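**Q** Pasting a structure below so you can have a look.
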Amino acid sequence: MLTLPRFTPTPVFRLLGLPRPPEAVVQVLPPAPGVDSVLRIIPPSPGRAFVLALDVRGRRDPGRARAWTACLPRLRERYGAPAVLLAVCSDRSTATWAAGPFTTGLGCWPALSLRPLVLGPTDTRPVTTAPAATADLATATLSALAHARGSRAGAALAALSEALSTAAPETRAYCSTLLETGLGDSLAGAAWRRLTGLRRAVGGGR
């Protein structure tokens, strides 16, 4: 199972109202339908391990919300640990929508209600310097996705690209894949592909 060195997801602990542990074990779990990534977060004792489903949204998508509602119980059952969903949104409107709640059942009897954690452009600052990105790669990655449509997106992506060049290979590969998936065909996605292509060329294929 792949473990991500130095990738403690600070924003998740903040949104949950939990203190950020100095270091958490973060494992990449097999992909699940309806989300972009699944992680197991294991804080130091006496913290409780939990499963984090992560999905990047650039627009409202009711079909995706239905997939979220189905995904979380499956993850809880499969891994025997609490499961939460983090929706990373690049605009305020989508972030407001993604907060839910999304219910399943009859109108008079909502049998199941899902309330995602949401990280949008108003919930975190862009990380625009390589030292700051290096110090907290998880925050820099999630923040870059949340600010993908903002005026500082280019600076955030450049800082993250530089920081990842010295990161552990597992963490570098995971963050790069998440960014490519989350940014897609957007202008920020094209900028990210240019940055990573240039860095590979300069680094001799690294």
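**Q** Taking the range 42-58, which residues are modelled with pLDDT of 95 or more and over 25 Å from residue 21 (Cα atoms)?
**A** 57
**Q** Can you find a residue in the range 108-118 that is modelled with pLDDT of 95 or more and open to solvent by 60 Å² or more (accessible area, probe 1.4 Å)?
**A** Yes, because at least one residue in the range 108-118 is modelled with pLDDT of 95 or more and open to solvent by 60 Å² or more (accessible area, probe 1.4 Å).
**Q** Another one. So which pairs qualify, if the first residue must be in the range 79-96 and assigned to a loop (DSSP other than H, G, I, E, B), the second must be surrounded by fewer than 24 Cβ atoms within 10 Å (Cβ to Cβ), the Cβ gap must be under 6 Å, and the two must be at least 6 apart or on different chains?
**A** 81/49; 81/50; 81/51; 82/50; 90/58; 90/149; 91/149
**Q** Then there is this: Which of the residues spanning the range 29-59 are without any contact (Cβ under 8 Å) to a residue 40 or more places away in the chain, of a type in the set (A, V, I, L, M) and assigned to a strand (DSSP E or B)?
**A** Within the range 29-59, 38, 39, 41, 42, 51, 53 meet the criteria.
**Q** In this structure, does residue 128 turn out to be in contact with a Leu (Cβ under 8 Å, 6 or more places away or on another chain), hydroxyl-bearing (Ser, Thr, Tyr), closer than 28 Å to residue 163 by Cβ and part of a loop (DSSP other than H, G, I, E, B)?
**A** Criteria not met by residue 128.
**Q** If you check 20, 14, 66, 6, which single one turns out to be outside any strand (DSSP E or B) and on the phi > 0 side of the Ramachandran plot?
**A** Only one candidate qualifies: 6.
**Q** Where residues in the range 160-174 are in a helix (DSSP H, G or I) and touching a residue at least 40 places away in the same chain (Cβ under 8 Å), which of them is nearest to residue 37 (Cα to Cα)?
**A** Only one residue tops the list, namely 174.
**Q** For residue 54, which of the numbered conditions (1) open to solvent by 20 Å² or more (accessible area, probe 1.4 Å); (2) in contact with a Leu (Cβ under 7 Å, 6 or more places away or on another chain) fails to hold?
**A** (1)
**Q** Test residue 80 against the stated conditions and say whether it is at pLDDT 95 or above and at positive phi.
**A** Here the answer is yes, as residue 80 does meet what is asked.
**Q** Looking at 190, 156, can you tell me which residue is farther than 30 Å from residue 76 by Cα and exposed (fewer than 15 other Cβ atoms within 10 Å of the Cβ)?
**A** 190
The values are calculated or read from the model by the stated rules, or taken from the named source; none is laboratory data. All values reported here derive from a predicted model rather than from experimental measurement. All Cβ positions, even for glycine, are placed from backbone atoms using ideal geometry, and neighbour counts span all protein chains on display. What goes into the accessible areas is simple: the full protein's heavy atoms, side chains included, and nothing from ligands, DNA or RNA. Shrake-Rupley method; radii C 1.70, N 1.55, O 1.52, S 1.80 Å.
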